[in-house]
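Visitor: Below you will find the structure I want to go over with you.
Bear in mind that the values in this text are calculations on the coordinates, not laboratory data. Quick caveat: nothing in here was measured; it's all calculated off a predicted structure. Here the Cβ positions follow ideal geometry from the backbone for every residue, glycine too, while neighbour counts run over all protein chains shown.
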Amino acid sequence: MISVESVSSHGFSRPRSFTKHSRGNTKNLPSLNPAKLIPLRRLTIDSSQINTPNDLARRQPSFELSSKLSLISSPENNVMIRRTILKIIQEIKDIIKVIISIEKQCVGIINRISKNKEFDKGLNLTDKEKSIVLEFDIKEFDKDEFIQYKEDLIHSINIFEEILTALKISILSLQNTIKKSFNPIVLSFSVEVIDKFTQFNKNIQTTIINFRNWCNKSLIHQKVYQKNNTISLEDLICNCAEFISICIRLFESDRIGIEQTIDLEDVLIQFKGTTSYKIGDNESISLSELTWIKSNLITASSFTSQLSQSVDGLNSFLNYHDILNSLKAARYWNTSLEIYDPIINQINEYSIIHAGTAFLRLQTNDEICRYQKCYLYYLKIGLLILLSYAGNTFLPCDFISAKRLVSADIEIDIPQDHTFAGDLHILTKDSNYRKTFCFSFQHESDIIEWTNQLKETLSSLDVPTTPNFELGNPISTKFFNKKVIIKKSKYVGSSIEELVQFQQFSSCLDNVPDVLNKCINEIINKGLTEDGLFRKPPDQYQLEELIKKLNDSDFRNELKLTEYPVGTICGLLKSLLMEMNPRFINGESYKLFSDISKKKGIIEQREQIKFFIESLNNEHRNTLSRYLFLMNVIAVNQRLNRMGESNLSTAICQCFLPPKQSVDFASLENDSFECLINNYDLFMPSKLEHPIQTPSLFSLIKKQTKTSNTIIIGCFNETKNIIWLLEFDGTLTEINVNTLQSSITKLNLPFNTIKQIESYDKYNVIASNTSLLTIDVETKEIIQMVKRKEINCLMVLNNNIVIGEQNGMIEMFEIPTLKKKIELFVIPKKLDASQKIPSIIQITGNEEVIYVLYENNCEIGFVSMTNGSLIQTITLYNQPKITCFCYVEENQTLWVANNDGNIKIFNGDNGIIIEEYKYPLTYGSVVFIASIPKHIVVVFNSSQILLFNLDTISLVCSISNKYFITSKWTKLVKRNYHEKVYWNLWLEKDGNGDIGIIDIGPFNDFSVTDERLIKIEYKFHNNYIEHSPIGHSFNIVSIDTNKKCCVCQKNIEQNSCQCINCNQYLHQNCISTFIGTECKGYFKVTHEIINHSK
């Protein structure tokens, strides 16, 4: 398989990373510039990314001769560029070989379809290629549709074979030219070869589109790709075009380097009166040689100019090809996006104007808001918006058609949150609805780019051919729909679309009614053993009370199902279906549903179920999937509840269907529903579990209380899937980590100072300096409280809470009763009688050994849980303060980190150091370490995040977060979104109560990748383009004169950090203090009106 990864191993960068995503920005591309490969970090810069003199870009010669001498391209640099060109040419040759092989296989298959016995005549197929051609079942194909296509394939094969032959000849010439410093390498190609490449480049866009059209009509290509384990033919051709584009720029760079050197030699010969000048150790040139070289440079300039003109617009096309691929990949992995199919099928590379990422502000009526990451696709037919929800899971946000966009109110304004550089406001409205979108951008350059694009292109949008598309339940900053508001007073009795619409008012993005998820969770938690679920009638009085609360918006969000028996909850699930208007399954879907049981055999039934699923819209499919999930869980436990698939179908099937006067077909309908229960797997995505997640911020939750208090800490309760954000005065914000819905309450705590919070089962344990209490997560009632002398730290160990105290004592209490189980005194072995027993300030460990950190911050004790004896002590001499440590049960290691960014890994049994990592001071101190399956996560207070593999204890990836200034605490959260597990980091931002959520998973399989999504993640974030940061951004610089640190006012003699925005200098170890200050050097967006509604 020829892929981009094979190129990156040679040290090349993909060319499209250097371009932006809008039309008109890809002309006159700069030369390959290694300095541009260094992304500007908001706060920190990796030591591996720091500029060195060897990495600097080639500069234009200055007017002074002395400056010229120091800046000319050396022969060694020319050789390096030429070797790079040679590798790229070889890569192009390999890609073309794969293209020709696939095309020949397709021709061979078409020959077989045409019943041509000599299917491989003239194709020179290898044995492997012949076997692939012979494996195809040609009965499923129609030969007439392939006749014209065969001719196009043969024509394409001839073109690529000509290019391949030319490359093979040219490679020999290239190898001989590498060390000839004054012979431009582009002259290794003959005029005929240059002409062939020129013609190929001019036609490549048409070739790609033609192949895509044929691929969409036929299954041949998809099967050939699978057999060859390669990407699509159009993507292979795009890769080939990319590398040709790189080569053209390198040809020009090589020519310019020689030209600069010759200009300098010409000056030296004329001014010094010499007849030759020595270059390097072995080469020299004379005046006559200068004349000959200049003649070659003119020819080389003609060649590079001809090639550059041939790719004019190609980089832009390839850029849009990647953007289009990302949209197709998002659709491939997310069935919910099929609603956009009419739009996606209408798009090609020429339809895209601009694309990028932003953060959509979601705001409820009570002013609670958060920012959710979204992908914007600005097309000639309108603005398509995808919402990033979890991992690479996308939700349909909205599509603003060109007709609505040109009549919308569009403004640029200062950001409502200082995390971002500016906001883009779009307001669309008609007689029925009013939609407001507030998109926040990270960089000022993004704001400028979107402003310019909207100004230039709004008047030229393709209004007449805009598809007739309207999203009934858009996700927007604010949404007002008169039709829905009329029915807002009645919840039970609304359609499924309206039930989902209700959730928009509480800023919940899940497209399954929230009450359904709550009911399902409650039944699974406490009702699976109850006899006759859904069969026994509920208590009618309780059911009516429950429905009344649901219909009242004041009670709906505060509804607690734990107060009701399982029978009443089952009755509510049936009532939601029976009162639904229209009924859940109706019309064409009902006909497809009723035919399921009429099919013979499981294979035909499953095919019919697929047709039925395709007839459902996104809300119906996901809601039915949740019901069937519950039915499966109940049926698995039928020995306890006596409700198997057949009984469940009889009890609930008719609730989904339109009411009828007779029961003639009830038996067939029940059988069809039983088939749905038994084939629930068809409702789950048929693709791989999920592509690898590119770690990134996907949501920013603003502080939801009006108080000026600081959040002391967060606590995640995995059993209830909620996170607590607790303030000093007891104000509690409770957020569901799956749906991100929230509520605010006040805890009546018997103390004011909160030290730490931990969680176990349905209880949270809260510690102050002198008290420990357990509290029920649902009822918020205090279960038990005990007084202690001085509590410093605590940890959960199985169903117990372990506390470390100031007097060196370790105590263990049972949760939730807080009954004492163990009491241990930990006394260091070298402690004199006159010395005070040191306090225990952090603890971690397992059932056998507790690891304690003493208050001197440089000693860790291993304490036996059996007898309380101190097994051994690790002393970290001359080490800065240890900020956190963590014991990992999976590989029995102890991870220790300090405030200088150093991480040490010890053997948990004997304390022997296994590995040590040192990171730049700009990372700050480590504030969090935690493990997930097979990996460990380390977070610095600069929000730099590292992910390590536990098996090899090696770094997997470094996540450079550009959105935060400092992070005082972090929580690792396990999310379960539609039976898929994701790992998130919740970080407090800047100590102001705002919470950022970063996706770092799933990491279940690193071999499962989708290059289209991973590539576009980097492309949209423009890591290789210098953006204007929104806060301090540091470079490591060397200064000649003494300057004072802006923090400590002490002299800086050599290396220092400099903020490139506010131009302040400081010591590296002063960054942690400086980053909390405001950066006054960056550009600030001002209010500007782009478009007014007419």
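Visitor: Dipole of the stretch 333-482, Cα-centred, from +1 at each Lys and Arg C-beta and -1 at each Asp and Glu C-beta, to the nearest 20 debye?
Guide: The calculation lands at about 360 debye.
Visitor: Take the alpha carbon gyration tensor of the stretch 1034-1074, find the square roots of its eigenvalues, order them as a ≥ b ≥ c, and report rounded if a/c is under 1.5; if not, report prolate when a/b exceeds b/c, else oblate.
Guide: In terms of gyration-tensor shape, oblate.
Visitor: Between K787 and K429, what is 0.36 nm times their sequence separation minus the Cα-Cα distance? Round to one decimal in nm.
Guide: Extending this stretch completely gives an extra 122.9 nm.
Visitor: Expected output is a single nm value to one decimal: the length gained when fully extending between I837 and K121, i.e. 0.36 nm times separation in residues minus the C-alpha distance. What is it?
Guide: In short, 248.8 nm is gained.
Visitor: Taking the dipole about the Cα centre of the stretch 717-850, with the C-beta of Lys and Arg at +1 and of Asp and Glu at -1, give me whichever of L772, L725, L797 is farthest to the positive side.
Guide: Toward the positive end, the furthest listed residue is L772.
Visitor: In addition: Step through the residues of the stretch 315-331 one at a time and calculate ³J(HN,Hα) from phi using the Karplus curve (6.51 cos²θ - 1.76 cosθ + 1.60, θ = phi - 60°), rounding each to whole Hz and writing x for Gly and Pro.
Guide: 4, 5, 4, 5, 4, 5, 5, 4, 4, 4, 4, 5, 5, 5, 5, 4, 5
Visitor: May I have the pair-distance distribution P(r) for the stretch 560-645, computed from all Cα-Cα distances with 5 Å bins from 0 and rounded to whole percent?
Guide: Computed distribution, short to long bins: 3, 12, 15, 21, 21, 15, 8, 4, 1, 0.
Visitor: I'd like the FRET efficiency for N525 and K780, computed as 1/(1 + (r/R0)^6) with the beta carbon distance as r and R0 of 25 Å, rounded to 0.05.
Guide: Taking R0 as 25 Å, the efficiency between N525 and K780 is 0.85.
Visitor: Then there's this: Starting from the Cα coordinates of the stretch 491-683, work out the convex hull volume and express it per residue in Å³.
Guide: Convex hull of Cα atoms, per residue: 117 Å³.
Visitor: Quote the charge dipole size of the stretch 491-683 about the Cα centre in Debye, to the nearest 20; the model charges only the Cβ of Lys and Arg (+1) and of Asp and Glu (-1).
Guide: Computed charge dipole of the stretch 491-683: roughly 440 debye.
Visitor: Now a separate question. For labels at E456 and E1053 in the simple 7 Å Cα→Cβ model, what's the distance in nm?
Guide: Using points 7 Å along Cα→Cβ, the separation is 5.2 nm.
Visitor: Could you give the alpha-carbon Rg of the stretch 172-251 over 2.2 N^0.38 Å, rounded to two decimals?
Guide: Taking the Cα Rg and dividing by 2.2 N^0.38 Å, one obtains 1.45.
Visitor: May I ask you to derive the FRET efficiency for E338 and I209 from their Cβ-Cβ distance with R0 = 22 Å, giving the value to the nearest 0.05?
Guide: Between E338 and I209 the formula returns 0.40.
Visitor: Same structure again: Strictly over 28 Å apart at the Cα level, which of K518/K591; K87/K373; K918/K971; K526/K702; K115/K202; K227/K591 would you flag in this model?
Guide: K518/K591; K87/K373; K526/K702; K115/K202; K227/K591
Visitor: Separation between the E607 and K706 pseudo-spin-labels, each 7 Å from Cα along Cα→Cβ, expressed in nm?
Guide: Going by the 7 Å Cα→Cβ label model, 6.4 nm.
Visitor: Something else about it: If amide H atoms are built 1.01 Å from N in the plane of the peptide, which residues on other chains or at least 5 residues away come under 5 Å of the amide H of I871?
Guide: Here the answer is F862, V863, S864, since their amide H atoms fall under 5 Å of that of I871.
Visitor: Based on C-alpha coordinates, I'd like the Rg and Dmax of the stretch 333-482, in Å.
Guide: So, for the stretch 333-482, Rg and Dmax equal 14.7, 43 Å respectively.
Visitor: Sticking with this structure for a sec: Suppose the chain between S869 and F665 were pulled fully straight at 0.36 nm per residue; how much longer would it get relative to their current alpha carbon spacing?
Guide: 66.0 nm
Visitor: Now for a separate question. Once label points are set 7 Å from the Cα along Cα→Cβ at both K762 and N468, what is their separation, rounded to one decimal in nm?
Guide: 5.3
Visitor: For the pair R642 and E558, what calculated FRET efficiency results from E = 1/(1 + (r/R0)^6), where r is the Cβ-Cβ distance and R0 = 51 Å, to the nearest 0.05?
Guide: FRET efficiency, E558 to R642: 0.90.
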